[in-house]
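**Q** First, the structure itself, so that you have it in front of you.
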Amino acid sequence: QVQLVESGGGLVQAGGSVRLSCAASGRTFRTYVMGWFRQAPGKEREFVAAIRWSGDLTYLADSVKGRFTISRDNSKNTVYLQMNSLKPEDTAVYYCASDVRNNYQYYMWNERRYDYWGQGTQVTVSS
């Protein structure tokens with residue numbers, strides 16, 4: 001009952017910037033937390049960033065702190081991932097996810113808490 005659509009991915013050279021968007025539709029009034037995950041070829045899916053829908057609490061993986069920023073626009077039901085100073089190791093499929101059941105601010109890194117997932121958008125960083 002919730003649909004998530006990512007956009008903004010593409011090819012960028014190292015050191016460049018990309019902004020990803022994730023638009024939610026459906027029963028969005030039950031959205032409590034939204035997060036970004038990524039999966040590179042041959043690797044497990046890993047946590048990138050998450051944001052609580054009410055308040056300003058955010059949580060970022062150590063590997064992207066200082067380079068990535070997560071933000072939201074509640075009126076547009078959209079979450080953004082601003083990625084700066086991109087590195088080739090950032091190359092991956094980026095997925096957004098939403099938690100429609102839990103509003104607690106803990107375990108934002110845990111993908112098991114999320115209920116809905118988008119289909120992903122490819123980000124490729126060339127050296």
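The values are calculated or read from the model by the stated rules, or taken from the named source; none is laboratory data. Please read these numbers as outputs of a predicted model, since none were measured by experiment. Cβ: placed from backbone, ideal geometry, glycine included. Neighbour counts: every protein chain shown. Only protein heavy atoms, including side chains, enter the accessible area calculation; ligands, DNA and RNA are left aside. Shrake-Rupley method; radii C 1.70, N 1.55, O 1.52, S 1.80 Å.
**Q** For the range 85-111, how many residues meet the condition of being aromatic (Phe, Trp, Tyr) and either part of a strand (DSSP E or B) or in contact with a strand residue (DSSP E or B) (Cβ under 8 Å, 6 or more places away or on another chain) (or both)?
**A** Counting residues in the range 85-111 that are aromatic (Phe, Trp, Tyr) and either part of a strand (DSSP E or B) or in contact with a strand residue (DSSP E or B) (Cβ under 8 Å, 6 or more places away or on another chain) (or both) gives 3.
**Q** Kindly provide the set of residues from the range 36-50 that are without any contact (Cβ under 8 Å) to a residue 40 or more places away in the chain and either small (Gly, Ala, Ser) or outside any loop (DSSP other than H, G, I, E, B) (or both), ordered by number.
**A** GLY42, GLU46, ALA49, listed by residue number.
**Q** Could you list all residues from the range 1-26 that are more than 17 Å from ILE51 (Cβ to Cβ) and open to solvent by less than 50 Å² (accessible area, probe 1.4 Å)?
**A** Within the range 1-26, GLY9, GLY10, VAL12, ALA14, GLY16, VAL18 meet the criteria.
**Q** Kindly provide the set of residues from the range 47-84 that are touching a strand residue (DSSP E or B) at 6+ places or on another chain (Cβ under 9 Å) and among the polar types (S, T, N, Q), ordered by number.
**A** Within the range 47-84, THR58, SER63, THR69, SER71, ASN77, THR78, GLN82, ASN84 qualify.
**Q** Hey, another quick one. Please state which one of ARG52, ARG38 is buried (at least 17 other Cβ atoms within 10 Å of the Cβ), of a type in the set (Lys, Arg) and in contact with a Ser or Thr (Cβ under 8 Å, 6 or more places away or on another chain).
**A** ARG52
**Q** Looking only at the range 104-115, count how many residues are open to solvent by 60 Å² or more (accessible area, probe 1.4 Å) and in contact (Cβ under 8 Å) with a residue 40 or more places away in the chain.
**A** Residues in the range 104-115 being open to solvent by 60 Å² or more (accessible area, probe 1.4 Å) and in contact (Cβ under 8 Å) with a residue 40 or more places away in the chain: 3 in total.
**Q** Which one of SER98, SER127, SER25 is in contact with a Pro (Cβ under 6 Å, 6 or more places away or on another chain) and among the small types (Gly, Ala, Ser)?
**A** Just a single option satisfies the conditions, and that option is SER127.
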